[in-house]
Number of protein chains: 2
Amino acid sequence: MPLSEFELIERYFRRCGAARADVRLGVGDDAALLETGAGMTLVAAVDTLVEGVHFPPGCSAESIGHRALAVNLSDLAAMGARPAWALLALTLPSAAASWLEGFTHGFAALAEAHQVALVGGDTTHGPLAVTVTLLGQVPAGTALRRGGAAQGDVLFVSGTPGDAAAGLALEQGRLAAGEHSEYLRRRFLFPTPRVAFGERLRGYASACIDVSDGLLADAVKLARASGCGVELDAERLPLSAALGALGTRQARELALAGGDDYELCFAVTPGALGRLEAELPAAQWGYARIGALCAAPTVRVRDATGELSVAATGYDHFSAPQP
Amino acid sequence: MPLSEFELIERYFRRCGAARADVRLGVGDDAALLETGAGMTLVAAVDTLVEGVHFPPGCSAESIGHRALAVNLSDLAAMGARPAWALLALTLPSAAASWLEGFTHGFAALAEAHQVALVGGDTTHGPLAVTVTLLGQVPAGTALRRGGAAQGDVLFVSGTPGDAAAGLALEQGRLAAGEHSEYLRRRFLFPTPRVAFGERLRGYASACIDVSDGLLADAVKLARASGCGVELDAERLPLSAALGALGTRQARELALAGGDDYELCFAVTPGALGRLEAELPAAQWGYARIGALCAAPTVRVRDATGELSVAATGYDHFSAPQP
């Protein structure tokens, strides 16, 4: 017997994620009531995952729950913000208990890890899609933006981009990676949003963006918002051992033009480089220098042999061919 | 040639809705930055409209844009809150300019009327669905809830419920209404959320809910959240002339069990009735007394002939048959 919408909310969503003292009223009324902090700016982001577009049909429910929150945590990380409250709009073909258990397990585990409370939502019937709105806070005047950098600023990326694109290709049977398959698959299915690092970057980064459409495409967005061009050094791309095992050429292509990384790409002024390296050591925080912003509004990627031609510049929902 | 996601955002969503001084950063970065007011509680609601579930296939884009915001404005009205900022997650099969123009026209006109700024969003490829997250504020400690009423409180409803359900039936060719068709259709396609009235009800209503799943079903939700049962008087249902022309029996059924009204159902303690009637006259604000809350956890609807059997108690997404 199918669950009613009321039972579904009671069973899966009434208590989901962290409990927070600043939630005056959570799931179950017409809207949530939330207490914001004095001197804080509210930060709000929304992202949708659609079956067949953002994840392959048949993808694990736990991964979908995790990713639906992770992509938004990554947006808040890119602003240097601390996440607090989530709203979940879930459109389902049917209310299957096993699917809902997996989904809420994936969502709740990540929410608890980041002290995020689920405070509201909407469950509707239709083709599988998940929209999460994430709210958080940042001390007034300190948020990171895409458009704060200038020519000469050095460009960095966190983590090891390209793993997730390889993981998706594995999930779709377009790639074989032997012993590394499980690692790469998990990098697609359970990405790690860089929330703590984003918060620490306040006061160091001159601009920041999260890498969701591909490192090169997102670096270009940061550069354009800052009125600059970008030069990347392919030799410096931080590749995981698993990605590197695919061969340098394919690994670099995936790192530059793949997507779904949910890493942070950020710029630092030359004058702040010493502080960054001393106070947030790269070895501890896991980031690498990959290039710089330049005055000319151009996009250049170089390796030891010279300038690379870069065809794919990231995923675009309306001009890209559909999977 | 199809629009890119970037062009789509620039053309349709960069400037949409009201301009607000408290928006530090709107559409175009990883997240929006918003300044909340001192002494205010943040109010957040989310609702999804799916094609074929919440509106018929081929429904006008302008209506979809209007309704996607209206259903959320209604949620905030039910809390007594003032809306401020919206995030829009739009999933589209294709980026057709004429559809987007209609959609944003419908959305923006209602947003401007309520001083709501569109501050963020996500556009994705997939089956047509719209999720709006609406944020607003209410003075701390004054929000209306479903669960604040007690036995003996008098129950009211705003507007003329049932019109929208008749309008949907007309859209779907399940009903004929002659000269009243256009009025009833518009009540479904362009509902009027009771935002100003919701704000005025602070300090008068002991509980409030918005009527989206049908008046009876939502009145029962208010009663249950308040630990009460409910008695409705069908003779008192405020019917529009257009709905009444369908005949008393069908009109009352639609008013009780239809949906998509986006009116407010609220309770008032006997001691506050005098103030309500003196300070918010029913003739000016458009509301009617329809029943009362009782101690027994029962649901009763009476008319002049006695007690009615009420079969349909509202729309449920997972136990109702799909349209």
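The values are calculated or read from the model by the stated rules, or taken from the named source; none is laboratory data. Note that the structure is predicted; figures quoted are calculated from it, not measured. Note that we place each Cβ from the backbone using ideal geometry, even for glycine, and neighbour counts take in every protein chain shown. Each accessible area value is taken on the protein alone, full model and side chains, heavy atoms only, with ligands, DNA and RNA left out. Shrake-Rupley method; radii C 1.70, N 1.55, O 1.52, S 1.80 Å.
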* Asked: Looking only at the stretch B:183-199, which residues are in a loop (DSSP other than H, G, I, E, B) and within 13 Å of chain A (Cβ to nearest Cβ)?
  -> B:PRO193, B:ARG194
* Hey, can you tell me all the residues within the stretch A:120-147 that are under 19 Å from B:ALA31 (Cβ atoms), within 8 Å of chain B (Cβ to nearest Cβ) and part of a loop (DSSP other than H, G, I, E, B)? => A:ALA140, A:ALA143, A:ARG145, A:ARG146, A:GLY147
* List the number of the failed condition for B:ASP218; all other conditions in (1) within 14 Å of another protein chain (Cβ to nearest Cβ); (2) within 27 Å of B:GLY17 (Cβ to Cβ); (3) in a helix (DSSP H, G or I) hold. => (2)
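Do you know which of the residues in the stretch B:148-159 that are modelled with pLDDT of 95 or more, in a loop (DSSP other than H, G, I, E, B) and crowded, with 16+ Cβ neighbours inside 10 Å is nearest to the chain's Cα centre (by Cα)? Let's see the steps before the verdict.
At the first step, the residues of the stretch B:148-159 found to be modelled with pLDDT of 95 or more are B:149-159.
Pick out the ones that are also in a loop (DSSP other than H, G, I, E, B) and you get B:149-153, B:159.
Retained after the next criterion (residues that are crowded, with 16+ Cβ neighbours inside 10 Å): B:149, B:153, B:159.
Working: B:ALA149: 21, B:ASP153: 23, B:GLY159: 12 Å.
The residue in question is B:GLY159.
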* **Matching residues in the stretch A:258-274 - criterion: being in a helix (DSSP H, G or I) and in contact (Cβ under 8 Å) with a residue 60 or more places away in the chain** => A:PRO270, A:ALA272, A:LEU273
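In the list A:ALA150, A:ALA117, which residue meets the criterion of being within 14 Å of chain B (Cβ to nearest Cβ) and of a type in the set (Gly, Ala, Ser)?
Numbers: A:ALA150 fails: within 14 Å of chain B (Cβ to nearest Cβ).
Residue meeting the stated conditions: A:ALA117.
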* Consider B:ARG202 carefully, then state whether it is over 19 Å from B:ARG300 (Cα atoms) and outside any loop (DSSP other than H, G, I, E, B). => no
* Asked: Out of the stretch A:12-28, which residues are touching a residue at least 40 places away in the same chain (Cβ under 8 Å) and open to solvent by 60 Å² or more (accessible area, probe 1.4 Å)?
  -> A:ALA19, A:ARG20
* Asked: Residues of the stretch A:160-181 being farther than 16 Å from A:ASP261 by Cα and in a helix (DSSP H, G or I), which ones?
  -> A:GLY178, A:GLU179, A:HIS180, A:SER181
* Asked: Assuming B:HIS125 fulfils every condition listed in (1) open to solvent by less than 20 Å² (accessible area, probe 1.4 Å); (2) not assigned by TED's automatic domain parsing to the domain that holds B:GLU253 apart from one, which condition is it?
  -> (1)
* To do: Pairs only if they're at least six apart or on different chains, beta carbon under 8 angstrom, first in the stretch B:237-253 and within 20 Å of B:VAL211 (Cα to Cα) and outside any loop (DSSP other than H, G, I, E, B), second of a type in the set (Asp, Glu) and open to solvent by 30 Å² or more (accessible area, probe 1.4 Å); list them, first residue then second.
  => B:ARG252/B:ASP303
* Would you mention how many residues in the stretch A:94-114 are more than 10 Å from every other protein chain (Cβ to nearest Cβ) and open to solvent by 10 Å² or more (accessible area, probe 1.4 Å)? => 14
* Quick one: how many residues across the stretch B:37-77 are under 15 Å from B:GLY102 (Cα atoms) and either surrounded by fewer than 24 Cβ atoms within 10 Å (Cβ to Cβ) or not basic (Lys, Arg) (or both)? -> 11
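Does the stretch B:186-205 contain at least one residue that is more than 28 Å from B:ALA111 (Cα to Cα) and modelled with pLDDT of 95 or more? I'd like the intermediate steps shown before the answer.
From the stretch B:186-205, those more than 28 Å from B:ALA111 (Cα to Cα) are none; that's our starting set.
Looking through the stretch B:186-205, none of the residues is more than 28 Å from B:ALA111 (Cα to Cα) and modelled with pLDDT of 95 or more.
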* Asked: What single numbered condition from (1) on the phi > 0 side of the Ramachandran plot; (2) surrounded by 20 or more Cβ atoms within 10 Å (Cβ to Cβ); (3) without any contact (Cβ under 8 Å) to a residue 40 or more places away in the chain fails to hold for A:ARG185?
  -> (1)
* To do: Give me the pairs, please: first residue somewhere in the stretch B:285-305 and touching a residue at least 12 places away in the same chain (Cβ under 8 Å), second residue anywhere and among the aromatic types (Phe, Trp, Tyr), beta-carbon distance under 6 Å, and either six or more positions apart or on two chains.
  => B:TRP285/B:PHE197; B:TYR287/B:PHE156; B:ARG289/B:PHE156
